[in-house]
């Protein structure tokens, strides 16, 4: 029992409220009322400080529990291994392929394998309906104007969805495709028609369309694409968007500061709605802003730095949805470290010493790569600009020669 607490008890139990400290014990002869008051004040401050720390710790725990962090992991040897691989990196969500991502036709999913996956999820108390974000085949392009190729893509897509339902997975993410062979509006209609057909052929899996880096004639490089797609989908309750940090940045959306991050999210909210964000892919970018290059980098080493990721893990709008790393797959241990880093930033502000020091350290490690990529990008941009200025001159010269003849 502390001396402060003992004095309080003695005072409360003394007859007629007599202060027991008025009869000091041996060794307390020099304890004055002023000193006792000072000690009580110090103890109160210490107690308040401890309570504040406990409250901060509780708030951080609540924040951590609301964020589901993971990585795109291997399911080699059977999809049930994805759960084990997820746990091995201390993840609380994951992404994986339910079949080969580079083949049109794969072996059927047996009931034995499906049951092993469901059991692994149950044993790990992992809710695959909410926190497994399966990734679709890279071959799928349901925006294709060629009906035969589009149907082939749809069949592959539908097979993925049905596998998800058998496994108990609730979220399926895929790339929207390209419109090289038709107008963008027609491509979006083709895609929406396939999504509508897939909804009719399945019961509960949510289809998640990923935003892209704006490369070539790929759909999904601007939020207007998703706004138009949404307007064409009949059942939007089973449709969501996955925002990829690298793709977003490469497409020209700057999310490196609180202000610009909020502007980007506001634009998405106005055009599509933040409630339609079904997940995030967390990647730094090897290429600079607006490069239209889909080049993923480890967290903190690329052109994004740590701030966008700190903003995301502290944004309550992303509570409960999968936040999945797609950083270069060197070793799974790297994902564990990145998950630890992301978790450590929960509850921290931009000027927190840990965030500042870690960002400085990681940016220094990636400086050489960023410099090289920036030089390549600048050289390419200069060449493109030079080509644009040459073309009108060539046309003018040809026109003049034609007129002379």
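What follows draws every value from the coordinates through simple rules; no lab data is involved. Worth saying up front: this structure is predicted, and the values here are computed from it rather than measured. In this analysis, Cβ positions are derived from the backbone assuming ideal geometry, glycine residues included, and neighbour counts consider all displayed protein chains.
Some points to look at:
- Global geometry of segment 65-365, whether rounded, prolate or oblate, following the gyration tensor of its Cα atoms and the 1.5 cut on a/c: oblate
- Computed E for residue 378/residue 123 - FRET, C-beta separation, R0 51 angstrom, nearest 0.05: 0.45
- Fewest neighbouring Cβ atoms within 10 Å first, the residues 261, 138 line up as 138, 261.
- Taking the DSSP bridge list for segment 65-365 and keeping only pairs wholly inside it, about 10 percent are antiparallel.
- Shape class of segment 92-137 from the alpha-carbon gyration tensor: oblate, with a/c at 1.5 or above and b/c at least as large as a/b.
- Taking 104, 335, 280, 318 and counting other C-beta atoms within 10 Å, the order from fewest to most: 104, 318, 280, 335
- Exposure proxy order (Cβ contacts within 10 Å, fewest to most) of 148, 343: 148, 343
- Burial order of peptide ranges 322-331, 302-311 (average beta-carbon count within 10 Å, highest first): 302-311, 322-331
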